[in-house]
Amino acid sequence: MFTLFPMQRKRVAAAVIVTAAIVLPSCAGPDASLDRVQSTIGERIGKRVHWNRGGPEDEQIAQGVRDLLRRPLTADGAVQIALLNNRELQERFEEIGIAQADLIQAGLLSNPNFAASVRFPDRSPSGTNVEYSIAQNFLDLLVMPLRKRVAAAQVTAAEMRAANEVLRLAAEVKIAFYTAQARRQLLGRLRVVVETNESAAEFTKQLRDAGNTSDLELANQQGSYEQSRLEVAQTELQVRRDRERLNRLLGVWGADTNWTMADHLPELPGRESSLQNLESHAIAQRLDLQAARLRLDFIGQALALRTRTRFLPAEIKLGVDSERDPDGQRLTGPTLDLELPIFNQGQGEIAKLTAQYRQAQRELEAMAINIRSEVREARDQLVAARDLTSDIGKRLLPTQQQALKLTLQQYNFMLKGAYDLLFAKQNEIAAERSYIEAWRDYWIARAELERAVGGSLGGKNPKSEYRNSKQ
């Protein structure tokens, strides 16, 4: 910028304002960033996200969350609540605002420097010597395009990191939900066992009082009853822990923690989605990998920028200086102020950026290798858990249930003792526990595979739980 001073001070101010307006970056702001994140999340898992910034929509979102909490909670409903209400996720969204502020700053010229001096003579002529100057660093105009591109890439990377955090939270909520639901299902079965053992203990006591069984069999039956009560108490404690973990992920407290859920896990799907080409699919769409690529790109741009400008002056200030001598003569002319790169040519900065670039390359390569491994591991876990659930549910569990039924019949006819009945019950409980755990592991493995791939295995679901709650 080149201006005149002091004769046209108003024009100077106007010129500074106009120049600043010209170089301001065109940034659509947080709403556009949130729209891009929402579009990505909607395509991958069919859920809605919200960035709480104190606007009028915040209360509508809060009401939608409360509506969802009044219903029996499902895994998808829990995910939707967390995406709207989790405070740590809101914290991550603020990283986008920080990156956008950096983009705005990258598009601004540095402020002009103004200097003035007034000198009073000690002898004639008695006029005052007055000097004014204003100067602007024009090197900013040369590096601004690259600087803005780097800052814009950082905004995009922040959006990707936020979207990736959404997907990570969704998987974590599903895992916590299925863990809590499986524990509730097991707890319901253990309570039935307690009731059965209590009845069996009472029946055995009556037999002992009538002289038809021994004290040893009564002690065994009572021990089985007390052991089952202890197991119920331990499982109840785990259920409360699971519930509090889910409360933290949902971001709820107070009366909002009184949500309910179904007492059993959802049925396994009739057939599995295609598990082919998941590795290449994950490499193409994993958001953390895309963010790492962007980080490598803008470090490379920063390195190129610093390398190109290493021999340029650190500052190129152009301006105008006006001086009035005591005799009334005015001297006005341009000024040039250069900081010459004689000693500091950015050697340290370039070396640091070079090392950071190599570091980002290795990080990207390691991430790609790890993602492929995560996909393979989660896929194998999913297949194994499905096969195990089917095997236990169709073969082991029915066999143990039939064995318990026959043992109980023979026990009632005094053909089997209390020890035989206890052994049959233990086997049946162990089989049912294994079945519930395998059932749970299937849904957990599915959530982990979705996280590893970077999106839902079943494709996009355009109707989210939140939108359904408003109908």
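Read the figures in this text as sums done on the coordinates, not as results from a lab. All figures in this text were calculated on a predicted structure; none of them were measured in a lab. All Cβ positions, even for glycine, are placed from backbone atoms using ideal geometry, and neighbour counts span all protein chains on display.
Results, tabulated for the structure shown:
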| item | result |
| --- | --- |
| Bridge type composition, the chain - antiparallel percent by DSSP, nearest 5 | 90 |
| Cα-projected label distance for residue 239 with residue 202, points at 7 Å along beta-carbon direction, nm | 2.2 |
| Segments 112-122, 438-448, 56-66, 420-430 sorted - mean Cβ within 10 Å per residue, highest first | 438-448, 420-430, 56-66, 112-122 |
| Separation between Cα centres of segment 156-187 and segment 215-259, rounded to whole Å | 23 |
| On Cα atoms only, tilt of 418-453 relative to the major axis of the chain in degrees | 20 |
| Linear extension gain, residue 262 paired with residue 277, 0.36 nm per residue minus alpha-carbon span | 2.0 nm |
| Net charge of neighbours whose Cβ lies under 12 Å from the Cβ of residue 209, counting Lys and Arg as +1 and Asp and Glu as -1 | 0 |
| Between 0 and 90°, nearest 10: helix 215-250 axis offset from the chain longest Cα axis | 20 |
| Mean residue ellipticity (222 nm) of the chain, computed from DSSP H runs ≥ 4 via -39,500 (n - 2.57), nearest 500 | -23500 deg cm²/dmol |
| Quarter of Cα convex hull surface for segment 330-423, i.e. mean projection, nm² | 17.6 |
| Trypsin sites (Lys or Arg not before Pro) within segment 224-321: DSSP coil, no more than 11 neighbouring Cβ in 10 Å | 271 |
| Calculated Rg and Dmax of the Cα atoms in Å (choose from (1) 35.9, 136; (2) 20.6, 62; (3) 37.9, 147), label | (1) |
| Rounded FRET efficiency, nearest 0.05, which uses the C-beta distance separating residue 219 from residue 253 and R0 of 35 Å | 0.15 |
| Shape of segment 86-153, Cα gyration tensor, a/c cut at 1.5 | oblate |
| Cα-based helix-to-principal-axis angle, 30-45 vs the chain, degrees rounded to 10 | 30 |
| Between segment 48-90 and segment 381-446, the alpha-carbon center distance in angstrom | 40 |
